[in-house]
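Taking it in order: structure first as structure tokens, then the write-up.
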Amino acid sequence: MYKQLMFFLTAVLAALMIAECSTGKDAPVKPAQPVISECELKAVSGDIGRYGGALVLMALSDPKTFNPVTASETSSTEIINHIFSGLVEMNGETMDYEPALARSWSTTSDGRTWTFTLRKGLQWSDGLPLTADDVIFTFDVIFDSRIPNSTADVLSVKGHPIKTRKVDEQTIQIVTVEPFAPLLNGLTTPILPKHKLEHSVRAGKFNSTWGIDTEPEKIVGCGPFVLNRYIPGQKVVLSRNPYYWKMDTEGKRLPYLDGLIYVVVPDLESMPARFMAGEADLLSVRGSDYAMLKRQEKAGDFTMYNLGPALGTEMLFFNMNPRAVKLDPARRRWFSDRNFRRALACAVDKKGIISTVYDGLAVPQNGPESSANRVYYNPSLPEYPYDPARARILLEQAGYKDRNGDGYIEDSSGRTVAFTIITNVENKERVDQGNIIKDDLQRLGIKVTLAPISFNSLVTKLDKSSDWEACLLGFTGGLEPHSGSNLWKSSGQLHIWNPAQSTPATAWEERIDRIFDTAAVTLDKEKRKALYYEYQEIIADELPVVFLTTPTRTAAIRNRFGNLRPAISGALWNEWQIYVR
Amino acid sequence: MYRFIIRRVLSAIPLLIAITLVSFAIMQMAPGDFLTQMSLNPQISPQLIEKLRVTYGLDQPVHIRYLRWLWGVVRLDFGYSFAYHMPVIKLIAQRAAATLLLGLSSTIFAWGIAVPLGILAAVHRNSWIDRLTSILAFMGISVPTAFLALLAVFAAARTGWLPIGGMHHMSYEFMAPWQQFLDLLRHLILPTLVLGIGMLAGLMRQVRSNLLETLRSDYVTAARAKGVSERVAVYRHAFGNAINPLITIFGYYIGDLLSGAALVEIVMAWPGLGRLMLDALSGKDIYLVMGSLVISSIMLIGGNLLADILLAYSDPRIRYD
């Protein structure tokens, strides 16, 4: 049944591609266009594959837009990332920045001027040349005040936008107000086709351009695939971009696959059923389905790959904000006591959380960066393994013990140690973790109430009213530690335990601030690494937050595909090389 | 009759305004707005969120926003979805057809079976057929639809007889028209069954009890005494009067056509309004929610009006003028 279906699909897709070629996509080459041999394609190593076939994926929800600049959530960006490329790209295995549309780059000695050289003969998916004008146009759009977008923040240095200048058709110069190490991270942003979008920018309609009702031919890209069709609520079909800028070692243009198909499956529960029935080639495996799928690996002709931990982190943090008027001063005193927080870190059974909440598919977390971060993760941080006895000793040394024999511990002034942990009710895993933590702390004699509330109420409490005691939450992570500034710098709005400080409240917060500022202007990779290692050590030692776990991701993929190299950055990060065996 | 219709349509206007006012107010009372979701992402600056808030007009006071929206609706502009950067009406139009199709097919299925079974159960009261349909009806009423949908998905996956979900096969675009039609029918079977069973169960009980009541009334006894056959007594004399409450119920079903299938749609990947609306509601994409609410309200009010008109035709005792 499954094989038949796949055969059928592949045949259908091939028919589709052929139909398209004959209807003019490959129309006679215009004389102005550079011929293929002049194009400097990027060669990628791997098995030599063969052309054809499609890979079927499942998406939980529809894309909301195909506009790379205004897209803000993953169901859109996941599709968009197949259609576009940036000046540089991140290698999915080494996590280093590598040349993409830009063939090479150089920096002046003051570290402020970067020169990027584009590959020769780059073409958009409609065959028109991709030049420095498109790159300049892209940054003009990003910094257009009428177009609010998060890339503008990433590419601003101390609030000043980067300056871009066209040197010639193939060369772009970028100037920053001071040396800016995270620049390459920002330059992975998609480059836009000027000839398709200039009009809508001028008319002030860019924000609603390339919405989901756009005809696919109008969306012109430079990534491995182009949009072929989108049927709301059903599927997104992406087909090969014949002008993609990568080739295999034999000089054949990539990608090998004819296309990718995303089927919209709005219900997580029915995804494994669909995968098992052969209606999809890839499944993100949840802990609860792991054992069932593992048994079927042979019969279903697929392999489960451990992609490693995710980038986000789950943590428990406490309100230490001196400006939080509604916070009981006694509680603030406990929370501000490092020994108290360390005791709590020892009291939480992370292994228990991993086995009960994540069915084993998670790893303990000890510091602010996930171990998925190959480049910057510091592997030798102090750990706080589950040790209730040690927790009890730490608490006693810090003056918290049961003074009146009621089973609960009191502080030195006789106040019973009790507080409320809030978390967002929408996330079942978080609520489950909260219950485990509550039990763990209860066993130490701390009276904990768990209050799962809606995400929006939670944010209002954290943000506006500061009316909270302890909170269990996860934050979106990134590979570039600098993008966590808002969280870890004392002036950050998201430095929630004591946000937006005008001057750092403690000596260690001042050190963290300095590290972030220095690392941002340090272009030397090893020096940056040393700085970010130090920041992780300080955080793990001072423990402003109790780190919990990071879920690991597992993907099940059919065995009929070649060149699969699943890595932390995704199961299909090298999609251009994947082929049907 | 026409004056009645005009009066009803006019009186629907203040009703609609009241509905939108209350729902707008309720959505405002819950904390946070569309941009709150972004505020805990370290990569998005608070300045950007403020900028977006201004762009979306979310910085304006509630009453201004409501009045602006209402003025838009008057000019048939239902507003703009924040998540999709697109007019709400276009988004709804993209998906309404699928929902309507499922709604209609399950309604036809439910009524087509419920009415004859209900009559059978009433006529043969306390017989085995009455008992059996009662048991089935109670089962149908008590099993939650979403659970039934999950069961259907797993049954389809196990047996491979019917598609696991969705509305079209992956290669739908390349089929001949008759193949496309058959493909659509195959995909319709399970969701129609799942959605229809809940409706059917309740309806059947309604038909049964209404008919039983009229069968017990004096004029039916009189007809029987005159010596008409049981058949004529049931179908000519009793049934016509027993369907009055059903026509009213039918009006409500029309109102439910667009919104009644959300859960089934989500579980069975039916490309209708379900997921769109759920995401809009949880993400506080407020104008999208309001847009679908207005349309559902219009359908409900229209359905009731239609039911009243049908009543006037079916029952000569009812006069509106």
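The values are calculated or read from the model by the stated rules, or taken from the named source; none is laboratory data. Please read these numbers as outputs of a predicted model, since none were measured by experiment. In this analysis, Cβ positions are derived from the backbone assuming ideal geometry, glycine residues included, and neighbour counts consider all displayed protein chains. To get the accessible areas, we keep the full protein, side chains included, count just its heavy atoms, and leave off ligands, DNA and RNA. Shrake-Rupley method; radii C 1.70, N 1.55, O 1.52, S 1.80 Å.
Each of B:Leu16, B:Leu58, B:Ser45 was scored by the projection of its Cα onto the charge dipole of segment B:2-87, and the greatest displacement toward the positive side belongs to B:Leu16; charges sit on the C-beta of Lys, Arg, Asp and Glu.
Kindly provide the Kirkwood hydrodynamic radius of segment B:89-314 in Å, to one decimal, from all pairs of distinct alpha carbon atoms.
Values: mean 1/r = 0.0513 Å⁻¹.
Value: 19.5 Å, from the Cα pair sum.
Amide H contacts for A:Gly308 (H built 1.01 Å from N in the peptide plane; partners 5 or more residues away or on another chain; cut-off under 5 Å): A:Arg553. Taking all protein chains as shown and a probe of 1.4 angstrom, B:Ile249 keeps an accessible surface of around 40 Å². Taking the Cα centre of the protein assembly as shown as reference, the dipole from Cβ charges on Lys and Arg (+1) and Asp and Glu (-1) amounts to some 2000 debye. Note that segment B:297-314 has calculated 3J(HN,Hα) couplings of 5, 4, 4, 5, 5, x, x, 5, 4, 4, 4, 5, 5, 4, 4, 4, 6, 7 Hz, one per residue in order, obtained from phi through the Karplus relation 6.51 cos²θ - 1.76 cosθ + 1.60 (θ = phi - 60°); glycine and proline are x.
Divide by every residue of chain B the summed helix terms, -39500 (n - 2.57) for each DSSP H run of at least 4, and state the resulting mean residue ellipticity at 222 nm, rounded to the nearest 500 deg cm²/dmol.
Numbers: 12 runs with 223 residues, N = 321.
Value at 222 nm, helices only: -23500 deg cm²/dmol.
Summed for both chains, how many Å² of accessible area, to the nearest 100, are buried between B and A with a 1.4 Å probe? The contact between A and B buries close to 4500 Å². In segment A:112-148, the residues whose accessible area drops by at least 40 square angstrom when the other protein chains are added to the isolated chain are A:Pro148; the probe is 1.4 Å and only protein heavy atoms count.
Near B:Met86, the amide H atoms lying under 5 Å from its own belong to B:Ser81; only residues 5 or more places off or on other chains count, and H is placed 1.01 Å from N.
Taking only DSSP H segments of four or more residues, each worth -39500 (n - 2.57), what value at 222 nm results for chain A once the sum is divided by all its residues, to the nearest 500 deg cm²/dmol?
Taken over chain A, the calculation gives -8500 deg cm²/dmol.
Whole angstrom only: what separates the Cα centroid of segment A:48-86 from the Cα centroid of segment B:118-193? The distance from the Cα centre of segment A:48-86 to that of segment B:118-193 comes to 34 Å. Each of B:Gln206, B:Thr145, B:Leu193 was scored by the projection of its Cα onto the charge dipole of segment B:89-314, and the greatest displacement toward the positive side belongs to B:Gln206; charges sit on the C-beta of Lys, Arg, Asp and Glu. For A:Asp144, A:Asp467, the ranking by accessible surface with the largest value first comes to A:Asp467, A:Asp144, using a 1.4 Å probe.
Orientation-averaged projection of segment A:115-263 equals 10.4 nm² [convex hull of Cα atoms, one quarter of hull surface area]. For the protein assembly as shown, the Kirkwood hydrodynamic radius from C-alpha pairs, put into Stokes-Einstein at 4 °C and a viscosity of 1.567 mPa s, yields a diffusion coefficient of 42 µm² per second.
Assuming R0 = 25 Å, can you tell me the calculated FRET efficiency for the pair A:Glu429 and A:Lys351, based on Cβ-Cβ distance, to the nearest 0.05?
0.95
When the surface is traced with a 1.4 Å probe over the full set of protein chains, A:Glu369 keeps roughly 20 Å² accessible. By accessible area, using a 1.4 Å probe on protein heavy atoms only, chain B has 70% of its surface on carbon and sulfur. Interface burial in segment B:164-201, defined as at least 40 Å² less accessible area with all protein chains than with the chain alone at a 1.4 Å probe, covers B:Ile164, B:His169, B:Met170, B:Ser171, B:Glu173, B:Phe174. B:Lys51 contributes about 100 Å² of solvent-accessible surface, heavy atoms of the protein only, 1.4 Å probe.
Note that segment A:407-424 has calculated 3J(HN,Hα) couplings of x, 10, 8, 10, 7, 5, 8, x, 6, 5, 7, 9, 7, 10, 9, 9, 8, 8 Hz, one per residue in order, obtained from phi through the Karplus relation 6.51 cos²θ - 1.76 cosθ + 1.60 (θ = phi - 60°); glycine and proline are x. For segment B:20-31, backbone phi angles converted through the Karplus equation (6.51, -1.76, 1.60; θ = phi - 60°) give residue-by-residue couplings of 5, 4, 5, 5, 4, 5, 5, 5, 6, 5, 5, x Hz, Gly and Pro being listed as x. To the nearest ten degrees, helix A:132-142 and the longest principal axis of the Cα atoms of chain A are 40 degrees apart. Farthest toward the dipole's positive end in segment A:313-551, which of A:Thr449, A:Ile539, A:Gly484, given Cβ charges of +1 (Lys, Arg) and -1 (Asp, Glu) about the Cα centre? In segment A:313-551, that residue is A:Thr449. Summing charges over neighbours of A:Ala152, with a neighbour being any other residue whose Cβ is under 15 Å away from its Cβ, gives 0 when K and R count +1 and D and E count -1. Kirkwood hydrodynamic radius of segment A:404-529, from the reciprocal of the average inverse Cα-Cα distance over all distinct pairs: 17.1 Å.
Per residue, the Cα convex hull of segment A:301-386 amounts to 147 Å³.
Sorting A:Arg528, B:Arg275 by accessible area puts them as B:Arg275, A:Arg528; the probe is 1.4 Å, largest comes first, and only protein heavy atoms count. Database remark: amide H of A:Lys42 closer than 5 angstrom to the amide H of A:Lys246, A:Met247 (H placed geometrically; neighbours at sequence offset of 5 or more, or on other chains; Pro and chain starts carry no H). The magnitude of the dipole of segment B:89-314, with charges of +1 and -1 set on the Cβ of Lys/Arg and Asp/Glu and taken from the Cα centre, is near 540 debye. Expressed per residue, the C-alpha convex hull volume of segment A:238-314 stands at 175 Å³. Expressed as a whole percent, the proportion of Cα-Cα pairs in segment B:2-87 lying more than 16 Å apart is 65%.
If you roll a 1.4 angstrom probe over the protein chains with everything in place, what fraction of the accessible area of segment A:399-479 belongs to carbon and sulfur, to the nearest %? Spell out each step's value before the answer.
On the way: 1560 of 3340 Å².
That fraction is 47 percent.
Relative to the isolated chain, which residues of segment A:474-507 have their accessible area cut by 40 Å² or more in the presence of all protein chains (1.4 Å probe, heavy atoms, no ligands or nucleic acids)? So the qualifying set is A:Thr476, A:Ser483, A:Asn486, A:Leu494. When both segment A:227-293 and segment B:201-229 are represented by their alpha-carbon centers, they are found 59 Å apart.
Cα centroid separation, segment B:34-99 to segment B:247-302: 19 Å. Taking all protein chains together, A:Trp105, A:Trp576 sort by accessible area into A:Trp105, A:Trp576, largest first [probe 1.4 Å].
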